[in-house]
Amino acid sequence: MNIIIRQCTLEDVQQLQEISYDTFNETFREQNSPEHIDHYLEKAFNRLQLETELNNPYSQFFFAYVNNELAGYLKINTDQAQSEKMSEDSLEIERIYIKQSFQKHGVGKHLFQQALQIAKEMNKQQMWLGVWEKNDNAILFYQKLGFELTGQHSFYMGDEQQTDLIMTKRPLID
């Protein structure tokens, strides 16, 4: 399996929107009400929102291709783009989303390695992320990568309050 990672640009906004909708739906639709999912999708992944995020100098997106097919993506944040107030030596993995047909084939690990490489290049001392407490597969994946539970925060799906677990990897060694 040939996996290629490529940084997204503003010209990729349409593809980014499509894969964002697809992967979020595949991952969360069955466990949430259609109204809440639809509201979240429109708020988080509308074109203007994604263009704003792509233009943010403290955020980066990367596509993962498997045999030239878009399989997933990564979004990382540093400094003031982080979704929680964290130290300056932190890098947030805000999203690693993989299409279901490509899960368990190493795509997520490749995207994680991309984030880890950038964190090291930027001299960050820790990586962190929020993961829904009911997303057992993702929690297990992050634990295997060396992330540990360090807290929690609220996440809103529509007007429904949910809990995301905060997981942190420190120090940043392979």
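The values are calculated or read from the model by the stated rules, or taken from the named source; none is laboratory data. All figures in this text were calculated on a predicted structure; none of them were measured in a lab. Ideal geometry is used to build each Cβ from the backbone, glycine not excepted, and the neighbour counts take in all protein chains shown. Surface areas here come from the heavy atoms of the whole protein model, side chains and all, with no ligands, DNA or RNA. Shrake-Rupley method; radii C 1.70, N 1.55, O 1.52, S 1.80 Å.
Counting only protein heavy atoms and a 1.4 Å probe, the chain has 54 square angstrom of accessible area per residue.
Please report, as a whole percent, how much of the solvent-accessible surface of the range 43-120 comes from carbon and sulfur atoms (probe radius 1.4 Å).
Working: 1640 of 3700 Å².
For the range 43-120, the apolar C and S fraction of the accessible surface comes to 44 percent.
When both the range 1-80 and the range 124-174 are represented by their alpha-carbon centers, they are found 18 Å apart. Lysine pair count for the range 1-154 (Cα-Cα distance under 14 Å; residues 8 or more apart in sequence or on different chains): 4.
Ordering 55, 106, 31 by the projection of their Cα atoms onto the charge dipole of the chain, which places +1 on the Cβ of Lys and Arg and -1 on the Cβ of Asp and Glu, puts 106 at the extreme positive end. In this view, the solvent-accessible surface of residue 83, computed with a 1.4 Å probe and all protein chains in place, comes to about 70 Å².
Based on the alpha-carbon gyration tensor of the chain and its eigenvalue square roots a ≥ b ≥ c, which shape applies: rounded if a/c is under 1.5, prolate if not and a/b is larger than b/c, or oblate? Don't skip to the answer; put the middle values down first.
On the way: a/c = 1.26, a/b = 1.10, b/c = 1.15.
In terms of gyration-tensor shape, rounded.
When you count the other C-beta atoms within 10 angstrom of each residue and take the mean per peptide, 71-79, 102-110 line up highest first as 71-79, 102-110.
For the range 56-159, a crude dipole built from +1 on the beta carbon of Lys and Arg and -1 on the beta carbon of Asp and Glu, taken about the Cα centre, is about 400 debye to the nearest 20. Its alpha carbons considered, the range 13-70 gives a radius of gyration followed by a Dmax of 12.6, 35 Å. Amide H contacts of residue 150 (H built 1.01 Å from N, in plane; Pro and chain starts excluded): 166, 167, 168 sit under 5 Å, all sequence-distant by 5 or more or on other chains. Among 122, 9, 171, whose Cα sits farthest toward the positive end of the charge dipole of the chain (+1 at Cβ of Lys/Arg, -1 at Cβ of Asp/Glu, about the Cα centre)? The one lying farthest along the dipole's positive direction is 171.
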